[in-house]
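Before any comments, here is the structure.
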Amino acid sequence: MTDRNFAYVRTEEAPRMPPPSDTHGPVHWLKENILSTMNDFSSPAKTVKSVVMMLLTVLSVLSAYAVISGMLTFLVVNGTFSIPEGVSGADACRENGGACWPFIAAKMRLMIYGAYPGEELWRVDVVYVLLAIGIAWVVWEKAPARGLVGALMLTAYPIVAFILLTGGALEGSWGAKGVWAVIGLALFGVGIAADKGVGGEALNAFSGAFKAIGGLLVGIVLVGAIFSIEFGLEPVRTSLWGGLLVTFVVALTGIVASLPLGIVLALGRRSQLPVVRMLSVIFIEFWRGVPLITVLFMSSVMLPFFLPPDTEFDKLLRALIGVALFSSAYMAEVVRGGLQAIGKGQYEGGMSLGLSYWQQMRLIILPQALVLVIPGIVNSFIALFKDTTLVLIIGLFDLLGAVQNQALKDPEWINPTAGTTGYIVVAFMFWVFCFGMSRYSQAMERKLYRGHKR
Amino acid sequence: MTDVSAAEAPSDRRSKMQVSDEVAIQITNMNKWYGDFHVLRDINLTVYRGERIVICGPSGSGKSTMIRCINRLEEHQKGTIEVEGIELTNDLKNIDRIRSEVGMCFQHFNLFPHLTILENCTLAPIWVRKVPKKEAEDTAMHFLEKVKIPDQAKKYPGQLSGGQQQRVAIARSLCMKPRIMLFDEPTSALDPEMIKEVLDTMIELAEEGMTMLCVTHEMGFAQAVANRVIFMDAGQIVEQNEPKEFFNNPQSERTQLFLSQILGH
Ligand SMILES: Nc1ncnc2c1ncn2[C@@H]1O[C@H](COP(=O)(O)OP(=O)(O)OP(=O)(O)O)[C@@H](O)[C@H]1O
Ligand SMILES: [Mg+2]
């Protein structure tokens, strides 16, 4: 045996121990994140830096304290929560000088339903509840039949919501519907015939377009027919809608319409067919070049000049169309960014297997491109959600409008803090929805990315 | 130049592989331009069913472009290409038909990263051939077993090694039950130890009688499997011959130079 013996056999287990206290816990956190920037006094320059950091830290703590305590004082300490007997609500709030909660309570209905008639509020409630259930169902990963529920939310739900909210029973001639249905079916038939080779190659190339347009027409007629069924619901004009209801209707229509429209426009802009490409570019650049306020204003003030004088074209509907087209132009550019990130090899892989253009897009390109641009898509959704407040300028009262132009104009509630309280509540509600969207998108991004990244 | 007679079958393993007189691909006076650049000049090539053709030549000589014309990843401007008796024109239906009969493997695999290995393999059979999902999955597992990676079926392409990915790409093409396979430098993005596993898969395929066109610089593979080697330079087919002759007795100066460069060191 030499004096250098490397041989070794472990004879007892090393015990498992908790990590030393300076690598975890609140003290460690403080050291890592705050103290580490200000504990170096080894040279004059570093001393100056440490002192400056200390001052900055103290300053930020103080200002955070000032903001939070100020908020709490206004919202809670000086806030008015109930109205003493014999005093008006406005006077009670004026007395306390803080947040005017009774005002919010009194105007809650206005903020959520607008001027929707009282006996019919259950209809709005049903729409809200169905929406909440639908979204929760689709978002909750373990729920059964998520795909089916998602599909229903995009097809049946808007129809149900429309009928419940408006009362359905739209007027409209059955004759015209019949004619359009026949035209749609005929186009669909031509498409199928062209598929089978009737009419030669030229027609064959357009068989898909024929089928799509024909199917779309038939679908529109069907939905129109459902809308004109008499369900015995009291009709409620859209001018009575307001508050959160209008915010949701405008935002959700914009969100649901802008994604598919945006995808089609983005594909169009990259199309090999010059006409399709040019139309897409013109559409996108037109709508991107115009401010949303102008779009809304045009739709409400100018459009009637171009339509026959006695056509009745609902103001809310016009705003919806304007918002949907406007946001789809933005969405198109977001989606195009994603499409550009997908390499040529993916197309060639699809092509070499014999997949058609639309199959390549649907099965290979879009699933990858859309995941890449989830942050951009949700960004657009959030921007759109907040932009709905602009419908105020054409006399539609969304959540903000209901507070600012209706609730605050109520002479009974004139007092110095009602406005501040109202705006805080509105801001908070917007923030909750936007923050929810943002968090959900992050979760989804993580989940979808994990699938194919090492 | 006339085709090498495939009938006088060389010795060893190649003798087992039969070449029929049926024409699989017929390229006649084919020309292609990229803008003003005449990239393929007067290409004439007849491929019989069961042939294993290796295409080689210097970089930029148009090898990729030529085999990509066969399934219309590139469009030719003059001459004709007939695949399985169907002429390649602008008719989309014909193009789709030819593409579903012709499998292709690329240098960079081009697997779909968002789909699992199994889904990569079943996608086209389900959507193009309209095969029921269950049946498509059985077929896919069969071919994944053949390329010796059935245990990776549930993984994503990003989790596999390069050699495994290329074998998946081969299996994915085979799931469409193609009659012709095109390979564009299938091993040149791989580390040496992975090249063998891919070449073995290709050799097995050749032994089963698949019609193959393969752009590669793996001369060992050419000697073992090919019944014909084509040398391209500057957009033309300069020489073609049976492998033994091609390597031992190259006729054209350009071929000699090329061979001395790749075999010389
Ligand atoms: N899309 C394109 N546009 C213009 N020129 C191209 C294009 N693709 C290829 N070329 C040119 O065509 C010629 C042939 O290219 P090709 O890719 O077929 O060569 P190759 O023989 O496959 O070369 P390598 O061995 O490097 O892959 C090259 O000179 C190349 O620069
Ligand atoms: Mg190449």
Region A:272-359: helices (runs of 4 or more DSSP H) wholly inside it with 1 or more residues that are within 14 Å of another protein chain (Cβ to nearest Cβ) and without any contact (Cβ under 8 Å) to a residue 12 or more places away in the chain are A:344-352
Could you figure out which of (1) within 27 Å of A:Lys386 (Cα to Cα); (2) in contact with a helix residue (DSSP H, G or I) (Cβ under 9 Å, 6 or more places away or on another chain) isn't true of A:Arg277?
-> (1)
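Does region B:207-220 hold any residues that are more than 16 Å from ligand 2 (Cβ to nearest atom) and either modelled with pLDDT under 90 or within 19 Å of B:Val39 (Cβ to Cβ) (or both), and which are they?
Listed by number, the residues that qualify are B:Glu207, B:Glu208, B:Gly209, B:Met219, B:Gly220.
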Yes or no: A:Gly395 small (Gly, Ala, Ser) and closer than 23 Å to A:Leu316 by Cα?
-> yes
Would you check if B:Thr116 is away from every other protein chain (no Cβ under 14 Å) and among the hydroxyl-bearing types (Ser, Thr, Tyr)?
-> no
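Table: residues versus (1) open to solvent by 20 Å² or more (accessible area, probe 1.4 Å); (2) within 12 Å of ligand 1 (Cβ to nearest atom); (3) in contact (Cβ under 8 Å) with a residue 24 or more places away in the chain; (4) of a type outside the set (Gly, Ala, Ser).
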| residue | (1), (2), (3), (4) |
| --- | --- |
| B:Cys56 | no, yes, yes, yes |
| B:Glu74 | yes, yes, yes, yes |
| B:Lys78 | yes, no, yes, yes |
| B:Ile98 | no, no, yes, yes |
| B:Cys105 | no, no, yes, yes |
| B:Cys121 | no, no, yes, yes |
| B:Ala124 | no, no, yes, no |
For region A:374-397, state whether one or more residues are within 14 Å of chain B (Cβ to nearest Cβ), hydrophobic (A, V, I, L, M, F, W, C), within 14 Å of the chain's Cα centre (by Cα) and surrounded by 15 or more Cβ atoms within 10 Å (Cβ to Cβ).
-> yes
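Identify all residues within region A:187-200 that are over 19 Å from A:Val221 (Cα atoms) and surrounded by 13 or more Cβ atoms within 10 Å (Cβ to Cβ); write none if there are none. Steps first, please.
The initial filter retains those residues of region A:187-200 that are over 19 Å from A:Val221 (Cα atoms), namely A:192-200.
Passing the criteria: A:Ile192, A:Ala193, A:Ala194, A:Asp195, A:Gly199.
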Odd one out for A:Glu230 among (1) open to solvent by less than 30 Å² (accessible area, probe 1.4 Å); (2) within 25 Å of A:Asp314 (Cβ to Cβ) | (1)
Applying the selection to region A:291-320, what residues are open to solvent by less than 70 Å² (accessible area, probe 1.4 Å) and within 16 Å of A:Thr388 (Cα to Cα)?
-> A:Leu292, A:Thr294, A:Val295, A:Leu296, A:Ser299, A:Ser300, A:Leu316, A:Arg318, A:Ala319, A:Leu320
Which residues, taken from region B:182-227, are open to solvent by 40 Å² or more (accessible area, probe 1.4 Å) and more than 16 Å from ligand 1 (Cβ to nearest atom)?
-> B:Asp191, B:Pro192, B:Glu193, B:Lys196, B:Glu197, B:Asp200, B:Glu204, B:Glu207, B:Glu208, B:Gly220, B:Gln223
Give me the pairs, please: first residue somewhere in region A:158-180 and free of Cβ contacts under 8 Å to residues at least 12 places away in the same chain, second residue anywhere and of a type in the set (S, T, N, Q), beta-carbon distance under 6 Å, and either six or more positions apart or on two chains.
-> none
Which residue out of A:Gly150, A:Gly168, A:Gly184 is in a helix (DSSP H, G or I), surrounded by 18 or more Cβ atoms within 10 Å (Cβ to Cβ) and touching a helix residue (DSSP H, G or I) at 6+ places or on another chain (Cβ under 7 Å)?
-> A:Gly184
So is B:Ile195 within 24 Å of B:Ser64 (Cβ to Cβ) and assigned to a helix (DSSP H, G or I) or not?
-> yes
Just one of (1) polar (S, T, N, Q); (2) closer than 17 Å to A:Thr420 by Cβ; (3) surrounded by 15 or more Cβ atoms within 10 Å (Cβ to Cβ); (4) out of contact with any helix residue (DSSP H, G or I) (no Cβ under 6 Å at 6 or more places or on another chain) trips up A:Thr80, so point out which.
-> (4)
Among the numbered criteria (1) more than 8 Å from chain A (Cβ to nearest Cβ); (2) touching a Phe, Trp or Tyr at 6+ places or on another chain (Cβ under 9 Å), which single criterion is violated by B:Ile95?
-> (2)
Could you say whether any residue in region B:186-206 is closer than 23 Å to A:Gly350 by Cβ and within 14 Å of chain A (Cβ to nearest Cβ)?
-> yes
Subset of region B:28-42 that is surrounded by 13 or more Cβ atoms within 10 Å (Cβ to Cβ) and more than 16 Å from ligand 2 (Cβ to nearest atom) - its residue that is farthest from the other protein chains (Cβ to nearest Cβ) = B:Asp42
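The values are calculated or read from the model by the stated rules, or taken from the named source; none is laboratory data. Everything numeric in this text was worked out from a predicted model, so none of it was measured. All Cβ positions, even for glycine, are placed from backbone atoms using ideal geometry, and neighbour counts span all protein chains on display. Accessible surface is based on the protein model in full, side chains and every heavy atom, while ligands, DNA and RNA are left aside. Shrake-Rupley method; radii C 1.70, N 1.55, O 1.52, S 1.80 Å.
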